[in-house]
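The values are calculated or read from the model by the stated rules, or taken from the named source; none is laboratory data. Here the structure is a predicted model, which means the values were calculated and not measured. Every residue, glycine as well, gets a Cβ built from its backbone with ideal geometry; the counts of neighbours run over all protein chains shown. To get the accessible areas, we keep the full protein, side chains included, count just its heavy atoms, and leave off ligands, DNA and RNA. Shrake-Rupley method; radii C 1.70, N 1.55, O 1.52, S 1.80 Å.
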Amino acid sequence: MKKCPILTFAKDLIRRKSITPEDAGCQLLMIARLKKLGFKIEIMNFKNTNNFWARRGKNSPLFAFAGHTDVVPSGPLKQWNTPPFKPIIIDGKLYGRGASDMKGALACMIISVEQFLTKYPNHKGSIAFLITSDEEGEFINGTTRVVTTLMERNEKIDMCIVGEPSSSHQVGDIIKNGRRGSITGNLYIKGTQGHVAYPNLANNPIHQSLPVLNEFINTQWDNGNCFFPPTSFQISNLHSGARTPNIIPGELDIQFNFRFSTELTDKKIKQRIYSILDKHNLNYNLKWTLSGQPFLTSKGQLLEAVSKAIHEINHKKPKLLTTGGTSDGRFIAKMKGQIIELGLINTSIHKANENVNVADLTKLTNMYRKTLEKLLG
């Protein structure tokens, strides 16, 4: 029986226990294959994170595949039917941590480029790979650092496919053509601790915060637009007191998050939050963490090429969505190029018994290859 190179390579990657930020040699496997194809390799490791930038060609446009070799921990092994880092095929599905997120897609990227270069060794433009090992972790020393390095030397990615598992029911049924921004606020409210029997001698920060939180929750931050749903506000953590029923707490810590559309900016969000807090005369301190700005590819060569490639295989048009969490696309978006996310089905990602349909690996490889042909062939 003839071996499938996509499946073989996906298995090789899954076998490596690359729990974030570890790479466990996955990138060396990719680099070895890319070197044979004439790619110039740059290792860009920062602290505990492995990254590499590989480029073939010097001309524009520069098309890049972006992805990560790190995976989330397996969780309790008793919940797995098979060892998470021992890839195995059962009933046409490949099981293993990273099968869908996103070692399967990495294998598809590599094989699609090998197939493309066999037919178009003197292709137009340039092809690149931006691969990191910290997408599932702190995302401090990975893609963001590589992008900064590239921008400092005026090297720009014109078009990029991020291989995150974007599909829902069928490979290619959804293209993520943008993502919402994400900003987190850590709010500290100062009160005065006291005995619950003498509230006149205390100042309960929980009581102080309730009208404020109610206003946060009921504010219509924006109405969204044709690509993005309305901005959402969610309280993720509350902590106060000594877990004792007879003490009024003296402080309250609140953590909240905004997933915001292109209708808002982080600056506008901050201004409105401060306005509400100051209106209620709270004694507070607020620290912000901006995880990423919203980005959108509403049109362009990349979106057109990917959509046509998917239609040729699935015989129907993909949907364009911007839902879900953040991805490393938010860092690449700083280059102002065209960015989309196209990957495998996401129903089993970060779960026990993560898996991918073996047939889907071939389909995604063909979508990637056809996209390259339309852009650079």
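Would you check which residues across the stretch 317-352 are of a type in the set (Lys, Arg) and open to solvent by less than 50 Å² (accessible area, probe 1.4 Å) and list them?
Of all residues in the stretch 317-352, those of a type in the set (Lys, Arg) come to 317, 319, 330, 334, 336, 351.
Within the stretch 317-352, just ARG330 meets the criteria.
Out of all the residues in the stretch 151-161, is one or more open to solvent by less than 20 Å² (accessible area, probe 1.4 Å) and of a type outside the set (A, V, I, L, M, F, W, C)? No, that holds for no residue. Selection of the stretch 172-214 for residues being touching a residue at least 60 places away in the same chain (Cβ under 8 Å) and open to solvent by 50 Å² or more (accessible area, probe 1.4 Å) yields ASN186, TYR188, LYS190, PRO211.
If the condition is being open to solvent by less than 30 Å² (accessible area, probe 1.4 Å), farther than 27 Å from SER126 by Cβ and either among the β-branched types (Val, Ile, Thr) or not in a loop (DSSP other than H, G, I, E, B) (or both), then the stretch 11-22 contributes only ILE14. Does the stretch 132-146 contain at least one residue that is touching a residue at least 60 places away in the same chain (Cβ under 8 Å), touching a Pro at 6+ places or on another chain (Cβ under 7 Å), of a type outside the set (D, E, K, R) and in a loop (DSSP other than H, G, I, E, B)? Yes: one or more hits. Restricting THR289, THR323 to those that are out of contact with any helix residue (DSSP H, G or I) (no Cβ under 9 Å at 6 or more places or on another chain) and modelled with pLDDT under 95 reduces the list to THR323.
Candidates SER240, SER261: the one that is under 35 Å from the mean Cα position of the chain (by Cα) and more than 30 Å from GLY324 (Cα to Cα) is SER240.
Scanning the stretch 23-38 for residues that are open to solvent by 50 Å² or more (accessible area, probe 1.4 Å) and under 14 Å from LEU130 (Cα atoms) turns up just one, LEU28.
Residues satisfying the criterion are absent from the stretch 2-10 (criterion: at pLDDT 95 or above, in a loop (DSSP other than H, G, I, E, B) and over 22 Å from ILE140 (Cα atoms)). Could you tell me which residue of the stretch 88-131 is most open to solvent (accessible area, probe 1.4 Å), considering only residues that are in contact with a Lys or Arg (Cβ under 9 Å, 6 or more places away or on another chain), part of a loop (DSSP other than H, G, I, E, B) and at negative phi? Out of the qualifying residues, it is HIS123.
Total residues in the stretch 39-74 satisfying the condition of being more than 23 Å from the chain's Cα centre (by Cα), touching a residue at least 24 places away in the same chain (Cβ under 8 Å) and open to solvent by 40 Å² or more (accessible area, probe 1.4 Å): the figure is 5. If you go through the stretch 215-256 and pick out every residue that is more than 17 Å from ILE189 (Cα to Cα) and touching a residue at least 60 places away in the same chain (Cβ under 8 Å), you end up with 3.
Looking only at helices (runs of 4 or more DSSP H) that fall completely inside the stretch 271-377, which ones have 3 or more residues that are of a type in the set (D, E, K, R)?
Numbers: elements: 301-314, 329-332, 358-376.
So the answer is 301-314, 358-376.
Here the stretch 218-263 is the region considered, the condition is being of a type in the set (Asp, Glu) and assigned to a loop (DSSP other than H, G, I, E, B), and the residue that is surrounded by the fewest Cβ atoms within 10 Å (Cβ to Cβ) is GLU263. Do you know which residues across the stretch 307-320 are under 28 Å from SER60 (Cα atoms) and within 19 Å of the chain's Cα centre (by Cα)? Residue satisfying the conditions is LEU320 alone.
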